[in-house]
1. Could you go through segment 83-102 and let me know if any residue there is of a type outside the set (Asp, Glu), exposed (fewer than 15 other Cβ atoms within 10 Å of the Cβ), on the phi > 0 side of the Ramachandran plot and modelled with pLDDT under 90.
2. For segment 82-96, enumerate the residues that are of a type outside the set (A, V, I, L, M, F, W, C) and in a helix (DSSP H, G or I).
3. Taking the options LEU28, LEU20, name whichever one is modelled with pLDDT of 90 or more and part of a helix (DSSP H, G or I).
4. In the set GLU78, GLU4, which member is surrounded by 11 or more Cβ atoms within 10 Å (Cβ to Cβ) and either modelled with pLDDT under 90 or at positive phi (or both)?
5. So, in segment 32-54, of the ones that are exposed (fewer than 15 other Cβ atoms within 10 Å of the Cβ) and in contact with a Lys or Arg (Cβ under 8 Å, 6 or more places away or on another chain), which residue ends up nearest to LEU15 (Cα to Cα)?
6. Which condition number in (1) of a type outside the set (S, T, N, Q); (2) surrounded by 15 or more Cβ atoms within 10 Å (Cβ to Cβ); (3) farther than 17 Å from LYS84 by Cβ is the one that VAL29 fails?
7. Taking only segment 34-61 into account, find how many residues are closer than 22 Å to VAL6 by Cβ and assigned to a helix (DSSP H, G or I).
8. For segment 38-78: of the residues being of a type in the set (S, T, N, Q) and under 13 Å from the mean Cα position of the chain (by Cα), which is nearest to PRO88 (Cα to Cα)?
Amino acid sequence: MFEESVWRAYLTNQLIKLKLSDLKLYLLVGFIWWIWHLPYIMKFLSEREIQNTLPVGRFTFFLIGMITVACWTVMYTEIFRITKSVWPLVIMHNIIRKGDLTK
């Protein structure tokens with residue numbers, strides 16, 4: 001709930017008001033969202049958890065994650081624009097997180 005409130009309900013909403021192009025909006029929100037996850041991936045996620053998720057090294061996991069977040073940013077932003085609600089995003093985020101925990 002916290003992430004979607006900050007990244008979508010506040011940040012994305014404010015950037016939409018600035019009339020940024022879609023590309024700038026996606027890149028800025030995606031970059032900030034990725035930086036938010038950076039300490040978790042680079043410091044707190046164990047090698048075992050990385051290997052259980054994707055059998056690659058930490059740096060490759062970092063790069064793949066960056067691309068994934070960039071793609072998700074487009075999807076999450078457009079769903080927010082269509083629904084004008086963070087609730088579908090909260091549900092999606094929790095489903096994705098639940099999938100991570102069951103591996």
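1. For segment 83-102, residues of a type outside the set (Asp, Glu), exposed (fewer than 15 other Cβ atoms within 10 Å of the Cβ), on the phi > 0 side of the Ramachandran plot and modelled with pLDDT under 90: present.
2. Passing the criteria: THR83, PRO88, HIS93, ASN94.
3. Going through LEU28, LEU20 in turn, the sole match is LEU28.
4. GLU4
5. MET42
6. With respect to (1) of a type outside the set (S, T, N, Q); (2) surrounded by 15 or more Cβ atoms within 10 Å (Cβ to Cβ); (3) farther than 17 Å from LYS84 by Cβ, VAL29 is out only on (3).
7. 11
8. THR77
The values are calculated or read from the model by the stated rules, or taken from the named source; none is laboratory data. Nothing here was measured: the structure is a model prediction, and the numbers come from that model. Positions of Cβ are generated from backbone atoms using ideal geometry, with glycine treated the same way; all protein chains shown enter the neighbour counts.
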